[in-house]
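Each remark here refers to the structure printed beneath this line.
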Amino acid sequence: MYIDSHCHINFPELAARMPEVLAKMAENRVTHALCVSVDLPDFPSVLALAEQYPHIYASVGVHPDYEDTPEPTVEQLVELAQHPKIIAIGETGLDYYRLEGDLEWQRERFRTHIRASRETRKPLIIHTRSASEDTIRIMREEGAGTRDGGVAGVMHCFTESLEVAQAAIEMGFYISFSGIVTFKSAKDLQAVARAVPLERILIETDSPYLAPVPYRGKMNEPGYVAHVAEYIATLKEVPLREVADRTTGNFFNLFQHAKV
């Protein structure tokens, strides 16, 4: 079985066809999915899915790309995270690719999420793009890692270098690969996926975006996460069952508030 560790099925294009999305998950033996929050105004739609479906979990957080949105406080995130179906804090992190100028607000938002994670003991979902140096620095400064009293988390939709992956793993984090790893052009990322130990890997779709080969260019959905697993098994030259079992076990090891 497989688990989609990061999706956005509350987004309108997927929410409108929820029965079909859930049926495709069942068809492809995707037993659970984590629906990830990107801002507080839309958080109720994320939580509603987790409340409605036993095999869907949720997170609470504000994405670093969302500039014009209510800013979360540690207290808000901690309070919202008390719900039993909320198993993670995020997604959070830094993105210097899409936004320019003074991004200190982004760094402060990231620190807020790390502090909420430490207080709730729920793992972080970290987004980093063109900002890996500051991302790792703030993770260390705020004690996000297990050695510093944090509960770690996952570096989602990973596209950075092996050195960044290793720095995160040293702090207790997992590395999650999306459909990008299946793209022909993603040679560097494929090398990272080969090198990262299977016991530190999660798989995800980040749907409705980034559909894996053979669905590249189409709308993504959680059922397609099986294709990510298949590609990683080929890269690592291990049985598909091993990738499925390890990544599923890794998910429940990390997100300990989730129930099998």
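Things to note:
- Separation of region 228-260 from region 7-64 is 20 Å, based on Cα centroids.
- Magnitude of the charge dipole for region 18-166, about its Cα centre and with charges confined to Cβ atoms of Lys, Arg (+1) and Asp, Glu (-1), is about 740 debye.
- Mean separation of Cα contacts under 8 Å (6+ apart) over length of the chain, as relative contact order %: 20 percent
- This model, with +1 at the C-beta of Lys and Arg and -1 at the C-beta of Asp and Glu, gives region 2-254 a dipole about its Cα centre of some 880 debye.
- For the chain, the ratio of Cα radius of gyration to the globular rule of thumb 2.2 N^0.38 Å stands at 0.92.
- Surface share of carbon and sulfur [accessible, 1.4 angstrom probe, percent] for region 50-123: 46 percent
- Ordering 44, 21, 153 by the projection of their Cα atoms onto the charge dipole of the chain, which places +1 on the Cβ of Lys and Arg and -1 on the Cβ of Asp and Glu, puts 21 at the extreme positive end.
- Leading residue at positive end of dipole, region 1-115 (Cβ point charges), from 1, 70, 55: 1
- Ordering 120, 132, 105 by Cα displacement along the dipole of region 103-154 toward the positive end leaves 120 in first place; charges were set at the Cβ atoms of Lys, Arg (+1) and Asp, Glu (-1).
- In the chain, lysine pairs with alpha-carbon atoms under 20 angstrom apart (chain gap of 8 or more, or interchain): 7
- Candidates 104, 230, 51: whichever shows maximal mean-square fluctuation once the chain is modelled as a Gaussian network with Cα springs under 10 Å: 104
- Carbon + sulfur, % of accessible area of region 152-204 - ligands and nucleic acids excluded, 1.4 Å: 52 percent
- Electrostatic dipole magnitude of region 1-64 [Cβ: Lys, Arg +1; Asp, Glu -1; Cα centre; debye, to 20]: 160 debye
- Calculated P(r) tail over 13 Å for region 82-127, as whole % of Cα pairs: 55 percent
The values are calculated or read from the model by the stated rules, or taken from the named source; none is laboratory data. Model, not experiment: these values are computed from the prediction. Don't worry about glycine lacking a Cβ; one is built from the backbone with ideal geometry, like all the others, and counts go over all protein chains shown. Calculation scope for accessible area: heavy atoms of the full protein, side chains included, ligands and nucleic acids excluded. Shrake-Rupley method; radii C 1.70, N 1.55, O 1.52, S 1.80 Å.
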